[in-house]
Amino acid sequence: MSAAWIENASRRRFLKAGSGLALAIYLPLNAAAKTQPERSFAPNAFVRIGEDDTVTVIVKHLEMGQGTYTGLPTLVAEELDADWAQIRVEGAPANTALHGNLLLGKIQGTFGSTSLANSFEQFRRAGATARAMLVAAAAERWQVPAASIGVAGGVVSHAPSGRTARFGELAAAAAELPLPNKVDLKNPADFVLIGKGVKRKDSRAKIDGSAQFTQDVRLPGMLLALVAHPPWFGARAKRFDAEKTRAVRGVVDVVAIPSGVAVLATNFWAAKKGRDRLKVEWDASAAFGQCTHDIVDEFRGLLEQPGRIARSEGECAAALDAAAHRLVADFEFPYLAHAAMEPLNCVVRLDANGCEIWNGEQFQTADQMAVAAVTGLAPEQIKLNMLYAGGSFGRRASSKADYLVEAVHIAKAIGGRAPVKLMWTREDDMRGGYYRPMYVHRLEAGLDRDGALVAWQHRIVGQSIAAGTVAESLMVRDGVDRLSVEGAIDLPYAVPNLRVDLHSPQLGVPVLWFRSVGSLHTAFAIETFIDELAAKASQDAVAFRRRLLAQQPRHLGVLELAAAKGDWGRPLARGAKGERRGRGIAVHQCFGSVVAQVVEVTVRADRSFKVDRVVCAVDCGLAVNPDIVRAQMEGGIGFGLSAALHGRITLREGIVEQFNFTEYPILRMNEMPRVEVHIVASAAPPSGVGEPATPVIGPALANALFAASGERLRQLPLRFDQAPSAWGWHAGAATPLHEGCTQEDRPCSPSVA
Amino acid sequence: MYELEVNGRIHQVDVDADTPLLWVLRDELGLTGTKYGCGVAACGACTIHIDGNPICSCVTPVSVGVGRRITTIEGLRSQIAAAVQAAWEELDVVQCGYCQSGQIMSAVALLEKKPRPDDADIDVAMGGNLCRCATYQRIRAAIHLAATRLAEPRA
């Protein structure tokens, strides 16, 4: 049944594409290759023009919601003068030489909000090359000068003679021509698609349920695998009793792998029931067993000692001592789970000749290396099929390829006798680590008598994300992980004496980059502290920033735009009885783009609060698709707001206390504020939009809460009435479990008894 | 063996009694538009209609579906559904898209009961559907747009 289903699905997609009704998405299976046109013209790795007149753009980046399956094809279509309706999209195979990320060296992967930025010239050039060859083919056929031929809307035409041809009619002839030595790119004034906005290519398939995610892949004979993971990081299975598991109808096998015990079955429910009945004895002798409050205490202790210098200008200590006013504030940020809607998963087919993987593939280079190490195959023998990812926020760019390696171990353990789909349940995903690390910050600043900023010292404590991973050589210099201090070392505010230092304690909790990475915590600390300094200097928060940003025109641009559109300085409409309202602002640059936001909040009588409105200004260079830029600002704000309001992973004696969305809430419809986005007009090359909105909402909200309440909140998630001493880092607060710990409602037990 | 009517077709499925409808749809019938997100009715990604009512299929045992009309994203055919999907496309609501089948199922059920919902109605009806990409603002706008279009006199 599976095979037939796959065939039908592929055929259906091809026919749709051929009739121009809908877009073909990635065809994940070999059978699908048959449906490609017999002959096609592929002048480079990024464009293929079929005789059926379809233009297929091969996109090297993962579509995980950010719109790259629309953005990159727009670049090709623009220079090719194609009709947007004839463009199809296909995910690129793993091939770092062809499909590497041009901003990140010899790496194929999707991160750092770089997809459009690194491809901007490359994909335009790919389209321009194809266009030049189609024109050359037409010139030869019609025996007219190439310069007299025009292309528009997917039609090649020679005006003097009235002759026209579609791309498909010229594809075979163009394929015989030599590549042009040089092609010219359009003058931006002539753009017809870039900056104008085309519709998303993935909309329809995601609206009618036909989009293929990894979760939806079915191969003939495929087994479904769930893994019983140890309840502690660093623990291992000592022995297991699978008698009751094997009795479950549909369970096929139970195997030990390095990360736990895998249950294989013919379907999910059998695997789940089988796993529920599995008894595993864990060896926790090397496990991580601390509580999060222990970690906070340790981190707070490190705040008292100088760390490794990440940046130093002037004489910070002396300037602080000499300052007329000195302010200090500590900040605390919890572990965060990415919690993408599609829980982690991947499909592996392993045999003697190679290994084929279907995955929301975000980090091809690292995944090939890691899987090669486990299988003994060469990296190029690892075939990676990139499917839509149901979100990622960094998690699928696993620096250690953790879940792919797990799936490959399972396939190995059963001797490759069947393809394996590894699925993590929501609980596995929530409790599986690779979190945004916990951080503690201390900011100290000095103002002179006139309220001018004279000294700024920023100390950060938290685990290194890059150390010990493939990213180390790129990110760690002199013991400083750039990912821990980004946003802080590039402080935009003019200050003569500046010091940023870092402690990177090592802990047994796996950590990973998370949407907007370092900026998510550094921007919060900096932007709320600047607000405190402005208040201390008795200055308006915008005026105070304006003075310090005189040398930062892009920061000033978004600050002024957000302030103007966000009614900064005008009185807020009053709240209902007992409610207090406030407005706050923040600005931050990351991934090449600068974002400012003005937030309006209402604090209710019971001190709960509601974010009413967010006005967002963004300078991301040229906005290739303004509507997608707006969507990424809206979504980035919602994602950042979710972290600010709710996000918190805690550990009790090493055991993660959150299981599902019930203990780790994420933003819901009623919490989403009205968001207005304003894009700064710019001719500069495009910069990132997937991440830059996320770190700004938290501090803008905290500043608004201060304006409403007079209270500074410096711990995330943002709550009134959480004094540091009472803050146990545990969900709920009731009976003490042991000193410093609190008992929560839900008994904390391993996921597998 | 259970007999189920899904999207107007009758299917016989041989599954254990405790199997949630979600896994019957996905693993037995190959209807993968309905998604797994949490397994505890906390995210709405698995929303389907039973006799027109939105329910979380991840916690609904197969037996509950017997003798009822089950509709999944693949089986949406009504004028309201078409208007909702058109509005979703017009406003480019989707990002990663994983939750959107469930969002659309909830939105269609809302408009079938309440042709002109206000923001508070939308908060309630859509409150069980999580979107980690936070496309909520566009979901809200698309529901209003679909409602407006459906209220227009037909040409």
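Relative to the longest principal Cα axis of chain B, at what angle does helix B:136-151 sit, 0 to 90 degrees, rounded to 10?
For helix B:136-151, the angle is close to 80 degrees.
Could you pull out every residue, at least 5 positions away or on a different chain, whose amide H is within less than 5 Å of the one on A:HIS61? Hs are placed 1.01 Å off N in the peptide plane, and Pro or chain starts have none.
A:ALA92
Could you please report the charge total around A:ALA172, scoring K, R as +1 and D, E as -1 over all other residues with beta-carbon less than 9 angstrom from its beta-carbon?
Charge balance in the 9 Å sphere: -2.
Out of all DSSP beta bridges in chain A, what portion is antiparallel? Express it as a percent rounded to 5.
75
Quick one: grab the alpha carbon gyration tensor of segment A:427-558, order the square roots of its eigenvalues as a ≥ b ≥ c, and give me rounded if a/c is under 1.5, else prolate or oblate depending on whether a/b is larger than b/c.
It comes out prolate by the Cα gyration axes.
Under the rule of -39500 (n - 2.57) per DSSP H run of 4 or more residues, summed and divided by the residues of chain A, what mean residue ellipticity at 222 nm is obtained, to the nearest 500 deg cm²/dmol?
That calculation yields -9000 deg cm²/dmol at 222 nm.
Taking Rh as the Kirkwood radius computed over C-alpha pairs, what is the Stokes-Einstein D of segment A:347-477 at 25 °C in a medium of viscosity 0.890 mPa s, expressed in µm² per second?
The estimated diffusion coefficient comes to 141 µm²/s.
For segment A:508-610, rounded, prolate or oblate, judged on the Cα gyration tensor with a ≥ b ≥ c (square roots of eigenvalues), a/c < 1.5 rounded, else prolate if a/b > b/c?
oblate
Which entries of A:LYS565/A:LYS610; A:LYS106/A:LYS206; A:LYS60/A:LYS383; A:LYS272/B:LYS35 have Cα-Cα distances beyond 22 Å here?
Beyond 22 Å: A:LYS106/A:LYS206.
Going by a ≥ b ≥ c, the root eigenvalues of the Cα gyration tensor, does segment A:541-660 fall in the rounded group (a/c under 1.5), the prolate group (a/b larger than b/c) or the oblate group?
Oblate is the answer for segment A:541-660, as a/c is 1.5 or above yet b/c matches or exceeds a/b.
If you scale each eigenvalue of the Cα gyration tensor by 5 and take the root, what three semi-axes come out for segment A:192-320, rounded to whole angstrom and sorted largest first?
Whole-Å semi-axes of the equivalent ellipsoid: 44, 35, 10.
In peptide A:331-343, what is the residue-averaged number of other protein chain Cβ atoms found within 10 Å of each Cβ?
Partner-chain Cβ atoms within 10 Å, mean over residues of A:331-343: 3.
Output the direction-averaged projected area (hull surface divided by four) of the convex hull of the alpha-carbon atoms of segment A:390-458, in nm².
Averaged projected hull area, Cα only: 8.0 nm².
Once the Cα atoms of helix B:100-113 and of chain B are each reduced to a long axis, what angle between those two axes, in degrees from 0 to 90 to the nearest 10, is obtained?
70
Mind pulling up the Rg/Rh value for segment B:2-75? Radius of gyration and Kirkwood radius, both on Cα.
Using Cα coordinates only, the ratio equals 0.91.
Please state the relative contact order of segment B:2-75 as a whole percent: Cα pairs under 8 Å, 6+ residues apart?
It rounds to 40 percent for segment B:2-75.
Can you list the trypsin sites (Lys or Arg not before Pro) in segment A:64-152 that are in a DSSP coil and have 13 or fewer other beta carbons within 10 angstrom?
The qualifying sites are A:LYS106.
For segment B:79-151, count all C-alpha to C-alpha pairs, find those more than 13 Å apart, and express that count as a whole percent of the total.
Result: 57 percent of Cα pairs exceed 13 Å.
Tell me the label-point distance for the pair A:LYS383, A:ASP448, using the 7 Å Cα-to-Cβ offset, in nm and rounded to one decimal.
Taking the simple label geometry, A:LYS383 and A:ASP448 are separated by 6.8 nm.
Charges only on Cβ, +1 for Lys and Arg, -1 for Asp and Glu: so what's the dipole of chain A about the Cα centre, in debye to the nearest 20?
1440
Run the numbers on chain A and let me know its relative contact order in percent, using alpha-carbon pairs under 8 Å that are six or more apart.
With pairs under 8 Å counted, the relative contact order is 13 percent.
Let's test the formula: R0 of 41 Å, r as the Cβ-Cβ distance of A:GLN290 and B:ARG149. What FRET efficiency results, to the nearest 0.05?
Efficiency at R0 = 41 Å is approximately 0.15.
Please work out the FRET efficiency for the pair A:GLU140 and B:ALA86, using the Cβ-Cβ distance as r and a Förster radius of 45 Å; give the result to the nearest 0.05.
0.50
Taking amide H atoms as placed 1.01 Å from N in the peptide plane, list the residues 5 or more away in sequence, or in a different chain, whose amide H sits under 5 Å from that of A:ASP83.
A:GLY154
Using Cα pairs closer than 8 Å and at least 6 residues apart in sequence, work out the relative contact order for segment A:406-541, in percent.
26 percent.
Compactness ratio of the protein assembly as shown: Cα Rg over 2.2 N^0.38 Å, N = residue count?
Dividing the Cα Rg of the protein assembly as shown by 2.2 N^0.38 Å gives 0.95.
What does the charge count around A:ARG477 come to, taking other residues whose C-beta lies under 15 Å from its C-beta (Lys +1, Arg +1, Asp -1, Glu -1)?
Residues near A:ARG477 contribute -3 overall.
With θ set to phi - 60°, apply the Karplus curve 6.51 cos²θ - 1.76 cosθ + 1.60 along segment A:463-480 and write out the HN-Hα couplings as whole Hz, x wherever there is a Gly or Pro.
Going residue by residue, I get 4, 6, 7, 8, 4, x, 10, 5, 8, 4, 5, 7, 10, 9, 10, 6, x, 10 Hz, with x marking Gly and Pro.
Set Lys and Arg Cβ to +1 and Asp and Glu Cβ to -1, take the dipole of segment A:467-526 about its Cα centre, and tell me which of A:ALA467, A:LEU502, A:LEU520 lies farthest positive.
Toward the positive end, the furthest listed residue is A:LEU520.
Computed from the coordinates by the stated procedures, all read-outs in this text should not be read as laboratory data. Source: prediction; values computed, not measured. Virtual Cβ from ideal backbone geometry, glycine too; neighbours counted across all protein chains shown.
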